[in-house]
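The values are calculated or read from the model by the stated rules, or taken from the named source; none is laboratory data. In this text the structure is predicted, and so the values were computed from the model without any measurement. All Cβ positions, glycine included, derive from the backbone under ideal geometry; neighbour counts span all protein chains shown. Protein only, heavy atoms only, side chains kept; ligands, DNA and RNA dropped before computing areas. Shrake-Rupley method; radii C 1.70, N 1.55, O 1.52, S 1.80 Å.
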Amino acid sequence: MFKSLKRTVTKIFRELLVHHHGSLEYRAKVLTLMISSNGEICECEKQKLKEIAQSIYGDDQDRAELLLDTVHEYHIKIITQNGLDFEHLIQLVEKETKAVKRFADKIDMKLLMQLHECMKSEEDILFQQRILEFLQELKDEYGE
């Protein structure tokens, strides 16, 4: 009960309570680009997201769970068309990468390729490949 309440409060006041919330939200946006490309999150993607969050934040289980919650929050906004659509998310990622150059280093192509393995249809694979190319271009242009 307490843990659930704590997660809810942290999600609501993420900007105030979470150290480096901008970095966490940027990572969530990049991951959301990958999983929302086909409009749904399959079981494979859910499992890969957990593994990715764990590999990014290691021992900090709360931060890993917050990353997952944030990804799901962005995904729901996209599929319900609640103030965010896929094109707008692409623009946000590009804008934030340009504004905060160190964010480009948060684009981990190896981790993102794990999500790419979950795609089944040729159309989804091709679309996600374009997203990966876009992210690689951002990383190359603004990364160190």
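Worth a mention:
- Accessible surface of the chain [probe 1.4 Å, protein heavy atoms]: carbon and sulfur percent: 53
- Report note on the peptides 27-37, 114-124, 41-51: ranked by the mean count of other C-beta atoms within 10 Å, highest first, their order is 27-37, 41-51, 114-124.
- In this structure the chain gives 59 Å² per residue of accessible area when probed at 1.4 Å with all protein chains present.
- Cα-based helix-to-principal-axis angle, 61-79 vs the chain, degrees rounded to 10: 60
- Cys residues of the chain that find no other Cys beta carbon under 4.7 Å: CYS42.
- Estimated Rh, the chain: Kirkwood, alpha-carbon pairs, angstrom: 15.5
- Multiplying the residue separation of GLN47 and ILE90 by 0.36 nm and subtracting their alpha-carbon distance yields 13.1 nm.
- For ASP105, net neighbour charge (Lys/Arg +1, Asp/Glu -1) across residues whose Cβ lies under 12 Å away: +2
- Summed over qualifying helices (DSSP H, 4 residues or more, each -39500 (n - 2.57)) and divided by its residue number, the chain shows a 222 nm mean residue ellipticity of -23500 deg cm²/dmol.
- Rg [Å, one decimal], Dmax [Å, integer] - the range 86-135, C-alpha atoms: 12.0, 35
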